[in-house]
Amino acid sequence: MSNYNLDDPVELLCALTEINSVNSTLVPGAPGESEIATFIGKWFTDRGFEVTRLEGTPGRPSIVACSKGATSSKKIMLNGHIDTVTVASYEGDGCKAVRKDGNVYGRGTFDMKGGLAGQMIAAHRAVQRGITGQVIVAAVSDEEHGNIGTEEVLKHFTADVGVVAEPTMLGLTVAHKGFVWFDLVRVTTSESMQSPKQVTHLSH
């Protein structure tokens, strides 16, 4: 990894980009989140946060960093995912951070290591400026597939308000309806197979 200033949000983004964190469920054999989780955990430990590593699914860790010394019971949770989709489809080296025309390019810079870097710096600066409540940063695994990271975090940590830095082209999104996966199994007989029908619409 290059010698970056890890207290600068852009350079922190570059450092995060250079860590391959392709989701190992989407891409069997991919490294997953272990290395980047270790990096983020150390980053927060070095800045005085209390760090918890959650890894209910081996090899799929999430990091929760909590500020210390809060004088108010209020809590804010900043949530960002640390996994990315495959680098195979990326034109060039997806794990090389390229700075050009005021932008940073690389796999995951947009979705969502840029947002995560911003949250990490914001949490640290909020503490430096004497925020009275507690700041929690949840750097979670597996957002690109099943969200096992956020599910695990919410079993152990809660907050009064949450902010997710998922890219929205700077639009403010105040609610999320969630998602659900369906496995459809069609049972047919020899008679029905003579006049197959297609599923054209599915709703819930």
>> Condition check: under 24 Å from residue 87 (Cα atoms) and touching a Phe, Trp or Tyr at 6+ places or on another chain (Cβ under 9 Å). Does residue 40 satisfy that?
In response: no
> Restricting attention to region 141-179, and to residues there that are without any contact (Cβ under 8 Å) to a residue 12 or more places away in the chain and within 17 Å of residue 52 (Cβ to Cβ), which single residue is surrounded by the most Cβ atoms within 10 Å (Cβ to Cβ)?
Replying inline: 154
> Of the residues that sit in region 43-84 and are touching a strand residue (DSSP E or B) at 6+ places or on another chain (Cβ under 7 Å) and β-branched (Val, Ile, Thr), which one is nearest to residue 12 (Cα to Cα)?
Replying inline: 82
> With 189, 158, 200 as the choices, which residue is on the phi < 0 side of the Ramachandran plot and modelled with pLDDT of 85 or more?
Replying inline: 158
>> I'm checking my understanding of the structure. Among residues of region 1-31 that are crowded, with 16+ Cβ neighbours inside 10 Å and either touching a Pro at 6+ places or on another chain (Cβ under 7 Å) or polar (S, T, N, Q) (or both), which one is farthest from residue 117 (Cα to Cα)?
In response: 25
> For residues in region 161-172 being small (Gly, Ala, Ser) and either under 16 Å from the mean Cα position of the chain (by Cα) or more than 25 Å from residue 109 (Cβ to Cβ) (or both), which is modelled with the lowest pLDDT?
Replying inline: 165
> Pairs, please: C-beta under 8 Å, at least 6 apart or cross-chain, first residue of a type in the set (S, T, N, Q) and in region 36-58, second part of a helix (DSSP H, G or I)?
Replying inline: 57/148; 57/152
>> I want to confirm something. Restricting to region 80-108 and keeping residues that are closer than 21 Å to residue 41 by Cβ and of a type outside the set (Gly, Ala, Ser), which single residue is surrounded by the fewest Cβ atoms within 10 Å (Cβ to Cβ)?
In response: 95
>> Testing residue 111 on (1) under 22 Å from residue 172 (Cβ atoms); (2) surrounded by fewer than 21 Cβ atoms within 10 Å (Cβ to Cβ); (3) more than 14 Å from the chain's Cα centre (by Cα), one condition comes back false. Which one is that?
In response: (3)
>> Condition (residue is over 17 Å from residue 125 (Cβ atoms), of a type in the set (D, E, K, R) and touching a strand residue (DSSP E or B) at 6+ places or on another chain (Cβ under 6 Å)) applied to region 14-35: is it met by at least one residue?
In response: no
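The values are calculated or read from the model by the stated rules, or taken from the named source; none is laboratory data. Values in this document were obtained by computation on a predicted structure and should not be read as measured data. Every residue, glycine as well, gets a Cβ built from its backbone with ideal geometry; the counts of neighbours run over all protein chains shown.
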